[in-house]
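K.L.:
Right, I'll just put the structure down here and ask away after.
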Amino acid sequence: MQKIFTFALLLFSSLSVFAQQPVATTSEDSLSRNLSKTSTTIGGYGNAFYQRNSNLGTSRADLERGVLFFGHKFNNQISFFSELEIEDAKVAGGQNGGEVSFEQAYLKFNLNANQYIVAGLFIPRIGILNENHLPNTFNGNERNYVETFIIPATWRELGVSLYGSLSSVPVNYTLGIMNGLSSAAFTHGTGLIDGRFEGRNASANNLAVTASLQYYAGDFKTQISGYYGGTVGVSKRKADSLGLNSGTFAAPVALGEADIQYAHNGFSAKALGTIVSIKDAQSINHAYASNTPETEYGAYAEVGYDLLYALIHHRHPQQLILFVRDEKLDMNSKIPSNGIYDGTLDQNYVVTGFTYLPIRNVALKADVRIVHTGAQNPNLIINPNPATIPYQQNNNLVNLGMAFSF
Amino acid sequence: MIAGAGIAMGSLASCATVPVYQTAISNQQVIVPVSLFEKGNIQIIQPKNLYYNIALKKENDGSYTALLLRCTHADNQLITTGNGYKCNLHGSAFDQEGLVTIGPAEKPLRKYLTEINNGQIIIHLS
């Protein structure tokens, strides 16, 4: 296994040498010879960080993500895109942690210059981070928690989606269909995360639809997006025995999101709000005892300023961004009558720090995450470990790290 | 010459609109009437069957710059934003001069040679 890992590391290193250099092979087609070559592109991203947990008095360091892009353009109409991810640097048999997965793997069919269809494992346009998750493009070493626990980015499933832009107005839209979530896998305290299939043996009895609308105006960008999908993938017979409805959109999850971004002269701001509704949470809890909530929500706002903008010509790639972000989320803001409220899932974070980009595709980050949560519910502590320290509602996490993409 | 063979679209008065001109490619050339620039200095050109738009900009000196709206990172189509162009695939962004403002793209957008002839702008694709 160690040899395999070493080989993967060498491969990863060597591939970066060829980053973003399309390998032209053959040419075909008619209209414009220089546009119709087949080509293979390689890229990637990754990030690593050190984290100090004040309450626990512990520190850790992790190569959180290493991702390779592979893309191939068969002709002007058809392309393939993929992202292959290794989380936590290493996956070893018999040990917890680490993950190897396709983050995306789909075919793209161009209909014209403004519309295309993707088919395969794709990331729907929901929120900001889901679609644009390169770590050198967001502030803070960790991804924001609203788009981790409420919108479970990066959220990819198998399906088909249309992407388009209007010709004369800067409006973009998507409309997609994909496999739904699995309510059988919902886990208390992790939102929708564990219900995702991410392309692995997904149940397709239940489906989901997703759509988004984006509008650009000057230095502003606004977006709304939504998701609606069934969560019961088992047979009707099994669903009946579990007391669940069955069918394509049974026990649905509905998610809505809106966000706005602004950037001008070194100043940037963004805000996002999202809400999740699981109206059959009571039935899901009855079937799986997962303490699934009926409603979750989250919102954040962030402002940043590039301290070098005024000092260096603004086209210079160096940036030193001072930022602050306030995040609020509650993964059980409303629970069914058979649920148990968990105050620790009502969370507030203030994150502040610096992002230094010596060049656009490399970021060095330093930030502190100030954590505050609600109180722990003793009814959820079944067999308390006598060595466990009492739950603390306030904590600080200090993060130092690096990120890159190419 | 085939001046006027294209179709101008979307000349709405709103400041957020982007005028679009649809036309064909002939002999590796796209021909655009100069008159399209009477009301603005940027025009999106949609050559038939090209699968990428071209942003044609009138410069202060009267020349024209033609940018291929194809991301230089992974060849995805770019969308027009309020102040430049963006790739939704990995998030790269370019300003109206075609320079990278957000990665992962590292190279500027491809520029095509242009010339003015008899009231027409000729974009050379080769």
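The values are calculated or read from the model by the stated rules, or taken from the named source; none is laboratory data. Everything numeric here is computed off the predicted structure, so don't read it as measured data. Positions of Cβ are backbone-derived with ideal geometry, glycine not excepted, and every protein chain shown enters the neighbour counts. These area figures cover heavy atoms from the full protein model, side chains too; ligands, DNA and RNA do not enter into them. Shrake-Rupley method; radii C 1.70, N 1.55, O 1.52, S 1.80 Å.
K.L.:
Can you tell me which of A:ALA211, A:ALA363, A:ALA89 moves the most in a GNM of chain A? Springs connect C-alpha atoms under 10 Å apart.
P.N.:
A:ALA89
K.L.:
While we're looking at this one, here's another question. How large is Rg over Rh for chain B, taking Rg from the Cα atoms and Rh as the Kirkwood inverse mean of 1/r across Cα pairs? Write out the running numbers ahead of the final one.
P.N.:
Details: Rg = 14.0 Å, Rh = 14.7 Å.
Using only Cα positions, Rg/Rh for chain B is 0.95.
K.L.:
Relative contact order for chain A: what is it in percent, counting Cα pairs under 8 Å that are at least 6 residues apart? Let's see the in-between values first.
P.N.:
Details: 1070 pairs, mean separation 51.6, N = 406.
Answer for chain A is 13 percent.
K.L.:
Quick one: among A:ASP342, A:ASP219, A:ASP280, which has the greatest mean-square fluctuation in a GNM of chain A with alpha-carbon springs under 10 angstrom?
P.N.:
Top of the fluctuation ranking is A:ASP219.
K.L.:
What lysines does A:LYS334 reach when the alpha-carbon gap must be under 29 Å and sequence neighbours fewer than 8 apart in one chain are set aside?
P.N.:
Cross-link targets: A:LYS236, A:LYS238, A:LYS270, A:LYS279.
K.L.:
Hey, in the GNM for chain A with a 10 angstrom Cα cutoff, which one of A:ILE284, A:ILE321, A:ILE382 fluctuates hardest?
P.N.:
Looking only at A:ILE284, A:ILE321, A:ILE382, the largest GNM fluctuation is found for A:ILE382.
K.L.:
Follow-up question, since we're still on this one. If contacts are Cα pairs under 8 angstrom and at least 6 residues apart, what is the relative contact order of chain B in percent?
P.N.:
Working: 271 pairs, mean separation 25.6, N = 126.
In percent, rounded to a whole number, it is 20.
K.L.:
Under unit Cβ charges (Lys, Arg +1; Asp, Glu -1), what dipole magnitude, rounded to 20 debye, does chain B have relative to its Cα centre? Mind showing how you got there, number by number?
P.N.:
On the way: 9 positive and 8 negative charges, 46 e Å.
In total the dipole reaches around 220 debye.
K.L.:
Using only the Cα atoms of the stretch A:201-249, what do you get for the radius of gyration and for Dmax, in Å?
P.N.:
17.2, 55
K.L.:
If you take all C-alpha pairs in the protein assembly as shown, what percent of them are over 44 Å apart?
P.N.:
Everything past 44 Å amounts to 20 percent.
K.L.:
Rounded to the nearest 5, what is the percent of antiparallel bridges among the DSSP beta bridges in the stretch B:11-85?
P.N.:
75 percent
K.L.:
Which one of A:GLN393, B:LEU113, A:LEU255 is farthest out on the positive end of the charge dipole of the protein assembly as shown, using unit charges on Cβ (Lys, Arg +1; Asp, Glu -1) and the Cα centre as origin?
P.N.:
Positive-most Cα among the choices belongs to B:LEU113.
K.L.:
Within the set of other residues whose C-beta is less than 9 Å from the C-beta of A:GLY374, count the net charge using Lys and Arg as +1 and Asp and Glu as -1. Display every interim value, and only then the final one.
P.N.:
Details: positive: none; negative: A:ASP330, A:ASP342, A:ASP346.
Charge balance in the 9 Å sphere: -3.
K.L.:
In debye, nearest 20: dipole of the protein assembly as shown around its Cα centre with unit charges on the Cβ of K, R (+) and D, E (-)? Could the numbers behind the result be given before it?
P.N.:
Numbers: 36 positive and 39 negative charges, 170 e Å.
The calculation lands at about 820 debye.
K.L.:
Under a 1.4 Å probe, what is the accessible area of chain B per residue, stated in Å²?
P.N.:
43 Å²
K.L.:
While we're on this one: Among A:THR187, A:THR231, A:ASN205, whose Cα lies farthest out toward the positive end of the dipole of the stretch A:167-251, if unit charges sit on the beta carbon of Lys, Arg (+1) and Asp, Glu (-1)?
P.N.:
The one lying farthest along the dipole's positive direction is A:ASN205.
K.L.:
A further question on this structure: Work out the charge dipole of the protein assembly as shown with +1 on the Cβ of Lys and Arg and -1 on the Cβ of Asp and Glu about the Cα centre, then indicate which of A:ASN144, A:ASN383, A:GLY159 is farthest towards its positive end.
P.N.:
Among A:ASN144, A:ASN383, A:GLY159, the one farthest towards the positive end of the dipole of the protein assembly as shown is A:GLY159.
K.L.:
Find out how many positive minus negative residues lie around A:PRO135, taking Lys and Arg as positive, Asp and Glu as negative, among other residues whose Cβ is under 11 Å from that of A:PRO135.
P.N.:
+1
K.L.:
Would you kindly compute the Cα radius of gyration of the stretch A:218-327 and its largest Cα-Cα separation (Dmax), both in Å?
P.N.:
21.7, 68
K.L.:
Counting pairs of alpha carbon atoms under 8 Å apart in space and at least six apart in sequence, what relative contact order in percent does the stretch B:70-126 give?
P.N.:
24 percent
K.L.:
Sequence neighbours fewer than 8 away in the same chain don't count; with that in mind, list the lysines whose C-alpha is under 16 Å from B:LYS107.
P.N.:
Reachable lysines: B:LYS86.
K.L.:
Further question on the same structure: Summing both sides, how much accessible area is buried between B and A? Use a 1.4 Å probe and give Å² to the nearest 100.
P.N.:
3900 Å²
K.L.:
Less than 11 Å Cβ to Cβ from B:THR114, Lys/Arg counted +1 and Asp/Glu -1: what total charge do the surrounding residues give?
P.N.:
Overall, the nearby charge balance is +1.
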